[in-house]
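The values are calculated or read from the model by the stated rules, or taken from the named source; none is laboratory data. Nothing here was measured: the structure is a model prediction, and the numbers come from that model. No Cβ is skipped: glycine too gets one built from the backbone with ideal geometry, and neighbour counts run over all protein chains shown.
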Amino acid sequence: MKIVVAAMLALLGLNAWAEGGFSQKVDFGVKDSKGIVWSITFYSPDEAGWSAAVKNAQGVTMEKKGASPDENYQIEMYLVKQAVPVTPISNYIDNIRKNTIEGYKKNKTFDLVYFDATPDKKEPRCARVHILLKKKDGGSFVNRDSGKQFSEQYVLSCAAQSVPANNKLSRLGVELRYYQRYHESNKDPALKEKAERLFDGVVLGQ
C-alpha cells in the first residue's frame, strides 16, 4: 500500500534517465531544458531474491517475495512535487505527518498504527519516516485466516534544495521507500536495520 508522504502531491512528467540494476548501483535523475540535473543514487540490497530494478520516468521499483503470496518486500524510489519548502525541516516534517494521518483516516484497507519522522542526520534536506499500518478486517490481503497483517514502511523523503527557486526543478522531491508486507508471525526483526543501510548509502546530486 503506497501513500506518498512527502509535502507534495503529484508525480512530475520530466525527462528522466536511469541506469543500474539488481545488486548494483542504481542511478536516477532528471534535467531541465538548460541541462541542470538533479539526481539520486542508491545501492540495491545485497540479498538473494530481489528482482531487477524496474524503471520509468517517475522512478524505480524492486521487489522480493515473502513467505506467502500476499507477503513481500519492496523498494520504491519516486519523484514528488513538494507543497512546502524543506527548510525549516520541522515544518517539512509536520507536513509529512499531517498528510499521512489525514490520508489514512479515509483509507478502507489499513489503519495507521504508528508514525514517526525525524530529520536525517546526514542530509539536512531529508527526513526519515517510519509508518506501521494494520490491515482492517475484510481488507485486501489474500490469506485472511493467518492473524494480524501489516505493512511496515521506512521512508527517506528529500528535496532538491540547491536548485534555484525560479527553476522548474526547485520544488522537486524524491522519496525512497523500503517496506515489508507481512503476517504478524513473519515480521522481519532486521527491517529497520536494512532500511537504514539502504538510506545511509544514498547520494543526492544538486
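A few remarks follow.
- In segment 113-127, the residues that are touching a Leu at 6+ places or on another chain (Cβ under 7 Å) and within 15 Å of Asn95 (Cβ to Cβ): Cys126
- Top-ranked residue in segment 108-125 [being touching a helix residue (DSSP H, G or I) at 6+ places or on another chain (Cβ under 8 Å) and closer than 20 Å to His183 by Cα; ranked as surrounded by the most Cβ atoms within 10 Å (Cβ to Cβ)]: Phe110
- Taking the criterion of being of a type in the set (D, E, K, R), loosely packed, with under 15 Cβ neighbours inside 10 Å and part of a loop (DSSP other than H, G, I, E, B), no residue of segment 61-70 qualifies.
- Condition check for Ser185: over 20 Å from Trp50 (Cα atoms), surrounded by fewer than 15 Cβ atoms within 10 Å (Cβ to Cβ) and modelled with pLDDT of 90 or more: yes
- Residue, surrounded by the most Cβ atoms within 10 Å (Cβ to Cβ), within segment 71-107, restricted to residues that are assigned to a loop (DSSP other than H, G, I, E, B) and modelled with pLDDT under 90: Val86
- Residues satisfying the criterion are present in segment 107-117 (criterion: small (Gly, Ala, Ser) and closer than 25 Å to Arg197 by Cβ).
- For Asn143: the one exception among (1) at pLDDT below 90; (2) over 22 Å from Glu184 (Cα atoms): (2)
- Subset of segment 85-100 [touching a residue at least 60 places away in the same chain (Cβ under 8 Å) and closer than 15 Å to Val129 by Cβ]: Val86, Tyr92, Asn95, Ile96, Asn99, Thr100
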